[in-house]
Amino acid sequence: MPRNKFKAKKYQLEALENLRVPEKLTVSEWAEKYRILDSKYAAMPGKWQNRTTPYLIGIMDEFNNYETEEIIFCKPTQVGGTEALQNMIGYIIMQDPAPTMIVYPTDVLAKSVSENRLQPMLISTPEIRKKYDANSSAMELQFDGMYLSLVGSNSPSSLASKPIRFLMMDEVDKYPGASNREADPIKLARERTKTFHNKKIYMTSTPTVKGGHIWKAKENADIEKHYFVPCPHCGEYIELKFQNIRFPDQEGMSYVDRAELATYVCQECGCIITDNDKHNILPLGEWKEVRQSTKYARTVAFWINTLYSPFVRWADIAKEFLTSKDDSEELQNFVNSWLAEPWEDTKLKTDADTVMERQTELPAFTVPNWAKLLTGGVDVQESSLYWTIRAWGDFLTSQNIAHGQALSFDEIDNVMNLEYLKEDGAPMVVNLCLVDSGDQTDMVYDFCIYHSEYALPVKGASHTQYGNYKLSKINKEGSNAYGMTLAIVDGGKYKDMIAGRMRKPNGKGSWMVYNGCDYEYANQVTAEHKVTVRNRGITQEVWQLKHSHGDNHYLDTEVYAMAAADILGVRSLYLNNTEEVKGRENPETKETDEERWIRVNENWI
């Protein structure tokens, strides 16, 4: 039987439209189906094509992973971080409308982006234009079922005014830092999402320094992913790195000519990858995990550099480096904006291999014959104690003879009271050990009270005002340690000394380790480097961890061991060589073992 056809009323069609289930699309699928690029802001106007910037697909689609709460994109300039953000906005409006906020560095920039990029994008996409209220203000765009608020990070009141489910933060390294009057703008913005269990946060920026917002967010993410592409010759998936761009180093050639001959050499097979090859392998690339710090990941970070940009040739990158390498400010821009790495004005830097090169021929627990002092250092952690013992001779010559990890203070007492034998068999014991009292303070104080013959508590300080260290008194009322000596140590100065002497060849004045030293110790001792940081207009040189999750416990123990040697007068040891002089002048008067024992133990009676 023929069906009756009724023409639906307008209000009926509108009601049915509102009841329609959204299409099952990812952000990247939505962008390719609906997104239109306007010539006002896009170099390639027309329909969005994922194959142009294929590395953005994984970032955009992470938005659809229900387990992920936060997406970090650490990037160079002009690779599409903002476009990915706008695709997420379009997806939200059409597929999952909810209160949304985009935070820009300033209110002025937020308004400019709204008028010149965001609104043209929304209007040029027909399906979004239907939902858009043309009477919206530039800083708050209204849509069917949601609003989109644009604010500047310099406006705390705007950041703290609305509940938000979707939070987007663009160029976060240009945000102001926290002040005494206002909280960190990123923390303020995050507070707006607390009431939503299904929130999403997207953060993107070009990095500036290691202490910047985006680099810290990347380093603290649960998962970090890098983009790998297959070599067209060997098929191995490789990460594109700047050091593999090669160009001739020939006298008489200009930087431009040298750059034009730049190629990329595969780190796996050594074959040349051309610019045309890059265009072919980019769509075949994959995001791969390079680090995962927790089983239940909620924050995922993505990182790439300019080498992946389809709009930049190898020659462009080589030219930018060659023309900027001799100017500190221009080189910083290259490192930040092209390599997507933080700028580090590194003053002192060491690595584990340097430590391993300082091995002597002596095994662990053997004291060199030149040693005149043994000192120890203990770094106190919640679950264990790291310790080190170092031998000292003239002119600050030193060698680590033992180190390890203890589970109790009793173990520390045993280690520090052992007799360590010199090469000639003469015994030595630890003269002074400094124990970190920053954690488990009362327990450390008690330990040092009962072992005051060799142990002192120590605390770190950025400036001692009296040189590298000063000796103070514990004035904690009611404490058993009241009146006990406390060593206050400028850790930065001792790290300077360790790094400087570590680079010296083995011998007089060098900082050495025993034969067979382990890499864990070597990595921890070199876990920090000295960098120049700028905070609120003040430039300082400070020691910082190279990696946010790195361990530096053995470095702290070596700082304490060196400070203990300083307290014992290690710098003037070379002045006290009268016995050696007498021995050389009157060989026949060299004392016997019995005479030496009596002299050393003069109070034996």
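Quick note: the coordinates plus some simple rules give every number you see, no bench work behind them. Because the structure is predicted, anything quoted here is derived from the model rather than measured. When we count neighbours, we look across all protein chains shown, and the Cβ atoms used for this are built from the backbone with ideal geometry, even at glycine.
Ranking Tyr386, Asn280, Trp314 by how far each Cα lies toward the positive end of the dipole of the chain (charges on Cβ) leaves Asn280 at the top.
Peptides 243-251, 61-69 ordered by packing proxy, namely the average of other Cβ atoms within 10 Å per residue, highest first: 61-69, 243-251. Around Val265, what is the net charge, scoring Lys/Arg as +1 and Asp/Glu as -1 over all other residues with Cβ under 15 Å from its Cβ? Around Val265, the surrounding residues sum to -3.
Just check region 338-449 against the gyration tensor rule for me: Cα atoms, a ≥ b ≥ c as the square roots of the eigenvalues, rounded for a/c under 1.5, and otherwise prolate or oblate depending on whether a/b exceeds b/c. In terms of gyration-tensor shape, oblate.
Rounded to the nearest 500, the helix-only mean residue ellipticity at 222 nm of the chain stands at -8500 deg cm²/dmol, with each DSSP H run of n ≥ 4 adding -39,500 (n - 2.57). State the answer as a single residue: which of Leu545, Cys231, Phe166 lies farthest towards the positive end of the charge dipole of the chain, with beta carbon charges of +1 for Lys and Arg and -1 for Asp and Glu, about the Cα centre. Going by the Cα projections, it comes out as Phe166.
Using the Cβ-Cβ distance between Gln250 and Asn333 with R0 set to 35 Å, the FRET efficiency works out to roughly 0.85.
Across the chain, the fraction of Cα-Cα pairs farther apart than 48 Å, rounded to a whole number, is 33%. Averaged over residues, the count of other Cβ atoms within 10 Å places the peptides 281-294, 97-110 in the sequence 97-110, 281-294, highest first. Excluding same-chain neighbours fewer than eight residues apart, the lysines reachable from Lys372 by a Cα-Cα span under 29 Å are Lys422, Lys459, Lys470, Lys473, Lys493, Lys495, Lys504, Lys508, Lys582, Lys590.
In this simple spin-label approximation, Glu382 and Asn506 carry label points 7 Å from Cα along the Cα→Cβ vector, and these lie 4.0 nm apart. Over all other residues within a Cβ to Cβ distance under 15 Å of Asp490, the charged ones net out to -2, with Lys and Arg as +1 and Asp and Glu as -1. Computed from point charges on the beta carbon alone (+1 for Lys and Arg, -1 for Asp and Glu), the dipole magnitude for the chain about its Cα centre is near 3360 Debye.
The fewest-to-most ranking of His403, His451 by surrounding Cβ atoms within 10 Å reads His451, His403. Between Ser472 and Asn198, the contour length at 0.36 nm per residue exceeds the Cα-Cα span by 93.3 nm.
Each label was represented as a point 7 Å from its Cα along the Cα-to-Cβ direction; for Tyr237 and Lys422 these points are 5.9 nm apart. Among the listed pairs Lys24/Lys130; Lys130/Lys225; Lys24/Lys174; Lys131/Lys295; Lys210/Lys319, which have their C-alpha atoms separated by more than 29 angstrom in this model? Too far apart for the 29 Å limit: Lys130/Lys225; Lys24/Lys174; Lys131/Lys295. With K and R counted +1 and D and E -1, the other residues having a Cβ less than 13 Å from that of Leu322 yield a net charge of -4.
Ranking Ile93, Phe447, Thr485 by Cα position along the charge dipole of the chain, where only Lys, Arg, Asp and Glu carry charges on their C-beta atoms, puts Ile93 farthest toward the positive end.
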